[in-house]
Amino acid sequence: MKTMRTVAATGRSKLTLLTGLLLLASSALDGQRNLSGTPEIELALKRLNTVGSALLIAAHPDDENTALLAYFARGRHLRTGYLSLTRGEGGQNLIGAEQGDLLGVIRTEELLAARQIDGAEQFFTRAIDFGFSKTADESFAKWGHEKILADVVWTIRRFRPDVIVLRFSGTPRDGHGHHQASAILGKEAFSAAADPTRFPEQLQLVEPWQAKHLYFNVFTFNAEQEKEVSAVGKLTIELGDFDPILGRSYSEIAGMSRSMHRSQGMGAPERRGSVKNFLISIAGDTPKSDPLEGTDTTWARLPNGAAIGELLDEAIRTFRPEAPEKTIPILLKARPLIAATAGPYGKSKLVELDTTIALCAGLWLDVSAARYTASPTESLKLSVTALNRSHTPVLLTGIELEGAPGAPAIDVEPSVLVYNQAATYSMDWKIAPDQPFTQPYWLQLPKEGNTYSVARQQDIGLAKAPSVLQAHFRLRLNAQGLAGIRDSQEIEVIRPVEHRYVERVRGELTRPLQVVPPVEI
């Protein structure tokens, strides 16, 4: 018989409902499946060959300009992020009765679903949406100006954007006090992130960073605002351009992305034709015609990066949609050069490179749990599948599970993955008695007024914690044949451990693995 636990006594009275919401959100908000096949590989190659990033800053989960995010991420191939000060806990909810913390969980998942479509990443501060605020001063009084400024600076230093775009002006024209506060903090953080005397405790983990451009993405909802915009210099960006690889314009992608804000009733049209946006330069370099003007987004900006850029240029130029595996030898040549690149760019680009190689090889790598919930002391069966769907020889050299204490070891004898024949393994994971329950990391500790308490600096800003278990697949590829495959380049591909199942109405779906109490009241 399982031991009954009093959830409230451990400070986890909302755990069951929160866990259920996480499961519901992850399965119900799948939206459009991400790109696949030739478009996914071509975009991955172009992003791999682009060294630059853009960050959009606003206040709430539905404040982001999804068309502009798609333009930077899908069109300009930049690493692109959206920093929302809050998780939208004070908003409305048209799809259920959840409010407060529970609504914040739902809206976090809605944002992640939106980012899957527009191609950006998602970040937050510790600020809580406490409802409508009349002024920025009121917002700062409830949040703590320096505390949230530190979070914005931390995100900039970690993300290292070349371009920062503010969705609001920081003036009463923005209306909501949270809106005003987001722009005020963005302006201050633009300079503070580069100042080593500001928040020096962060410099144990990151370095100061100075973005090159700070813009206000001006909006015009009335004649007065249109007149104001016309009176100042501005950059015009066409977001209605059709992308033949994507098969859509950025404004069409924006409609799909914005429609993921279901709790707010934000279903949006997929606009076709010309859709212009305007950027006003606030600080940094002042460009004349392009938001990235004067910013080198090639590998040449990095020491010894020119050789990497030449190889990736060749990979893009010679890519054949009907035979993507032909691109692998060029990517493998670039790998040791990228691995030797110091700093954050080298680490992030190495992950992108290995992912792109796996796409070119048509690799299917998966670890599925028999159930989507399990409790401490229980055993959970895990099934591993590795499938090579290309004619490039692939040697599976190892699989490691990480993320939880006592993660099971997978005894894999190095073996060649035969074309289109799955290699399968299975093991039981004995969950440790002290394995933490799955819950949103920002709700693990008591709040401090209108801000969340987060124990680890590294977690601040993350949309959600990593999955309970992650599988690290290590593989060697040799496009020239089996001979010498053991001496070829090794890559690593990471996959979350999930529960894969078939739903009778919607077909094959996945749910994240959750560790939950055995009995709840």
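So here's what we get for this one:
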quantity	calculated
Every pair of residues 6+ apart whose Cβ atoms lie under 9 Å, when the first sits in segment 298-322 and is on the phi > 0 side of the Ramachandran plot and modelled with pLDDT under 95 while the second is surrounded by 15 or more Cβ atoms within 10 Å (Cβ to Cβ) and not aliphatic (A, V, I, L, M)	Asn304/Thr341
Those residues of segment 411-458 which are open to solvent by 50 Å² or more (accessible area, probe 1.4 Å), outside any loop (DSSP other than H, G, I, E, B) and out of contact with any Lys or Arg (no Cβ under 8 Å at 6 or more places or on another chain), in sequence order	Val416, Thr424, Tyr425, Lys430, Glu448, Gln457, Gln458
Residue in segment 115-136 that is of a type in the set (Phe, Trp, Tyr), open to solvent by 30 Å² or more (accessible area, probe 1.4 Å) and in contact (Cβ under 8 Å) with a residue 40 or more places away in the chain present	yes
Among the candidates Ala211, Ala181, residue that is open to solvent by less than 50 Å² (accessible area, probe 1.4 Å), at pLDDT 90 or above, touching a helix residue (DSSP H, G or I) at 6+ places or on another chain (Cβ under 7 Å) and not in a loop (DSSP other than H, G, I, E, B)	Ala181
Strands (runs of 3 or more DSSP E) (entirely within segment 460-515) containing at least 2 residues that are closer than 22 Å to Pro376 by Cα	470-477, 498-503, 507-512
Among the candidates Gln435, Gln457, Gln480, residue that is within 30 Å of Pro329 (Cα to Cα) and not basic (Lys, Arg)	Gln480
Matching helices (runs of 4 or more DSSP H) fully within segment 291-382 where at least 2 residues are of a type in the set (Ser, Thr, Tyr)	344-360
Residue count for segment 59-100, restricted to those that are crowded, with 21+ Cβ neighbours inside 10 Å, among the small types (Gly, Ala, Ser) and more than 26 Å from Gly346 (Cβ to Cβ)	6
Segment 456-471, subset of a type in the set (Gly, Ala, Ser) and modelled with pLDDT of 95 or more, residue nearest to Leu85 (Cα to Cα)	Gly461
Subset of segment 25-58 (residues that are assigned to a loop (DSSP other than H, G, I, E, B), modelled with pLDDT of 95 or more and either touching a strand residue (DSSP E or B) at 6+ places or on another chain (Cβ under 7 Å) or open to solvent by 10 Å² or more (accessible area, probe 1.4 Å) (or both))	Asn49, Thr50
Residue in segment 62-80 that is under 19 Å from Ser453 (Cα atoms) and not hydrophobic (A, V, I, L, M, F, W, C) present	no
Test: Ser169 is among the hydroxyl-bearing types (Ser, Thr, Tyr), outside any helix (DSSP H, G or I) and touching a His at 6+ places or on another chain (Cβ under 7 Å)	no
Of all residues in segment 178-223 being over 24 Å from the mean Cα position of the chain (by Cα) and among the β-branched types (Val, Ile, Thr), the one that is nearest to Thr135 (Cα to Cα)	Ile184
Which numbered condition Leu331 fails, given (1) of a type in the set (A, V, I, L, M); (2) open to solvent by less than 20 Å² (accessible area, probe 1.4 Å); (3) more than 26 Å from the chain's Cα centre (by Cα)	(3)
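The values are calculated or read from the model by the stated rules, or taken from the named source; none is laboratory data. Not measured: the values here are computed from a predicted model. FYI the Cβ positions are ideal-geometry reconstructions off the backbone, even for glycines, and counts take in every protein chain you see. When the accessible area is computed, the model is the full protein with side chains, heavy atoms only, and any ligands, DNA or RNA have been set aside. Shrake-Rupley method; radii C 1.70, N 1.55, O 1.52, S 1.80 Å.
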